[in-house]
1. Report, to the nearest 10°, how far helix 141-161 tilts away from the longest principal axis of the Cα atoms in the chain, using its own Cα long axis and a range of 0 to 90°.
2. Find how much the distance from Ala165 to Ala207 grows on full extension, using 0.36 nm per residue of separation minus their present alpha carbon separation; answer in nm with one decimal.
3. Please find the FRET efficiency linking Ala27 to Ser68, where r is the Cβ-Cβ separation and R0 is fixed at 30 Å, and quote it to the nearest 0.05.
4. Could you please state how large a percent of the accessible area of the chain is carbon and sulfur, counting protein chains only and using a 1.4 Å probe?
5. Compute the distance from the alpha-carbon center of segment 104-142 to that of segment 39-80, in whole Å.
6. Among Thr65, Gly116, Pro41, whose Cα projects farthest towards the positive end of the dipole of the chain, with charges put on the beta-carbon of Lys, Arg (+1) and Asp, Glu (-1)?
7. Whole number please: convex hull volume per residue, Cα atoms of segment 116-157, in Å³.
8. What ratio of Cα Rg to 2.2 N^0.38 Å holds for the chain?
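The values are calculated or read from the model by the stated rules, or taken from the named source; none is laboratory data. Note that the coordinates shown come from a computational prediction; the quantities given were computed from them, not determined experimentally. Positions of Cβ are generated from backbone atoms using ideal geometry, with glycine treated the same way; all protein chains shown enter the neighbour counts. The accessibility values were calculated without ligands, DNA or RNA, using every heavy atom of the protein model including side chains. Shrake-Rupley method; radii C 1.70, N 1.55, O 1.52, S 1.80 Å.
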Amino acid sequence: MRASDKAYAALRDDIIEWRLAPGTVLAEVEQSERLGVSRTPLREALGRLTAEGLTTAGGRGVVVTDISLEDIDELFELRETLEGRAAALAARRGDAATFQRLQHELLRAPELISGGEPGLHDYYQLVGRLDTAIDAAISNSYLAQAMRSLRVHLVRIRRLAADDARRLTAAAAEHAAIAEAIAAGNPKLAEAATIVHLHRSLSHVKATHASHPKEHHG
């Protein structure tokens, strides 16, 4: 792995997992020493993070961006457009058997969620596999790339909302409904199921954000 890739991956994970909090200044000397890379590859990594919207470059240097309620609204507006369309395309173009298998696994997901770690990790991997299956089914590389760029911010928001077992159990059922509609080859139902899921996710995230603003913002 190139030094800039190593630095990028490490910083990206630290930002997504909230180990580097919003407002943190990523000083070049400090970060290059911490990550064991020289300053040139570090600058490349910081440039990539800024392009993704995870950091901003300004007078104080490169700073980890905040996530406001307004940002969350905007991200979910974009999600609804992209993911609703993708689910509809997957219903037209996808392999029914693949999505039937995912539906059955998602229906069993409450067993993973109720047990805590490592089951939660397995659940998130399962949701990731549904995303990957949709990306593959739509046969549209531009749409798939746009959704991958968006997911970086969504993982960060998911960490903000914490692992609420009741919400995750409901979300698993919503994901199963999306998979079921795609497997049935029903584009309108797949899009509707996706929009219902996103609406409920947004309501949960905003409620969590409103009740714990200081906890996540240092």
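1. 70 degrees
2. Contour length minus Cα-Cα distance gives 13.6 nm.
3. Details: r = 24 Å, r/R0 = 0.81.
E(calc), rounded to 0.05, equals 0.80.
4. Details: 5930 of 11220 Å².
Carbon and sulfur: 53 percent of the exposed surface of the chain.
5. Computed from Cα coordinates, the inter-centre distance equals 26 Å.
6. Farthest towards the positive pole: Pro41.
7. Numbers: hull volume 2.4 nm³, N = 42.
Cα-based convex hull of segment 116-157, divided per residue, equals 57 Å³.
8. 1.09
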